[in-house]
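The values are calculated or read from the model by the stated rules, or taken from the named source; none is laboratory data. Worth saying up front: this structure is predicted, and the values here are computed from it rather than measured. Don't worry about glycine lacking a Cβ; one is built from the backbone with ideal geometry, like all the others, and counts go over all protein chains shown.
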Amino acid sequence: MINAPSYIGRFAPSPTGPLHFGSLVCAVGSYLDAVAHGGHWLVRMEDLDPPREMPGAAERILHALDTHGLHSHTPVAWQSRRQQLYADALDQLAEADLIYPCQCTRDQIRKAGGHRRSDCQQNTEGNSALRFCCEGAIESFEDIWQGSQRQDIREDPILKRRDGLFAYQLAVVVDDIAQGVTHVVRGADLLDCTGVQMQLFRALGATPPQFGHLPLVMNEGGQKLSKQNHATPLDDQHPSENLVQALGFLGFHCPQSLHTESPHGILSWASARWQRHQVDLRNRLLSK
Ligand code: GLU
């Protein structure tokens, strides 16, 4: 029997737009941490929310990853094709009485203290969302880069939306369990979701992976680069330059000779030298 690797990492973009420098930094950071620990690195396309998706973005993202030498160890998983897994997980949670239908707006649930209101279940008219019961839940964990965290879960998260779509929080955890992910390395913008996700791992009978949240690449206006604020797409014509710049952000001092290396050569150089402690934790601009 072949032993499963002791480290499985992943990069899980949502196809709401093309990759930008912020996403490249996360992809490279998660890839290097996996490879440097002798692990596997998976790509999962989180195409779960068609109204927010941009036509062609998923293919552009996969092409950009390929051009930059970032190859998934296993075939890319597409969330749109894994709906049965999410439905099964909801059944498991329903059996354990851990979800409830709810029609509250965000405002209403907040005003009610963030958790199940006594009249939530009585109101069965119209479509309901399904929320995960987290009342009283507090998660403490050690983040690889952000250190000791203590998250008090103030609002029961939605796992299935009123429009019938499975929510990110559910699908991300179900897939991390199904794919045997042991380490989640991603951007610090997702740090606040981690406590909820750890609760969900446990509710589904799994041990949460280790989490590491990388610093964010900011724009001149002080916001994180994101598809929503129209960050410039990565230029696939210059993958080596892009990679060297992403490595600089992650704390590497790259020799001049690296600029003319192939993406594969650059990633091999970096994975042999990857040190978690060299990552500068400040969210900041990308310097040229
Ligand atoms: N799909 C999410 C995003 O693009 C990331 C999910 C994750 O890494 O947990 O923001």
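In summary, Asp119 fulfils each of the numbered conditions (1) at pLDDT 95 or above; (2) of a type outside the set (Phe, Trp, Tyr); (3) assigned to a loop (DSSP other than H, G, I, E, B) with the single exception of condition (1).
Highlighted here are the helices (runs of 4 or more DSSP H) found entirely within region 186-288 that include at least 2 residues which are under 18 Å from Phe141 (Cα atoms): 194-203. Taking the criterion of being crowded, with 20+ Cβ neighbours inside 10 Å and either among the small types (Gly, Ala, Ser) or more than 11 Å from the ligand (Cβ to nearest atom) (or both), the residues of region 184-195 that qualify are Gly187, Gly195. Go through the residues of region 204-214 one by one and say whether even a single one is surrounded by fewer than 21 Cβ atoms within 10 Å (Cβ to Cβ), aliphatic (A, V, I, L, M), more than 14 Å from the ligand (Cβ to nearest atom) and more than 24 Å from Pro263 (Cα to Cα). The answer is yes, given that some residue of region 204-214 is surrounded by fewer than 21 Cβ atoms within 10 Å (Cβ to Cβ), aliphatic (A, V, I, L, M), more than 14 Å from the ligand (Cβ to nearest atom) and more than 24 Å from Pro263 (Cα to Cα). Where strands (runs of 3 or more DSSP E) fall entirely within region 126-174, those with at least 2 residues that are free of Cβ contacts under 8 Å to residues at least 60 places away in the same chain and of a type outside the set (Phe, Trp, Tyr) are at 129-132, 138-143, 147-152.
Are any of the residues in region 275-288 farther than 21 Å from Gly22 by Cβ and touching a helix residue (DSSP H, G or I) at 6+ places or on another chain (Cβ under 7 Å)? No.
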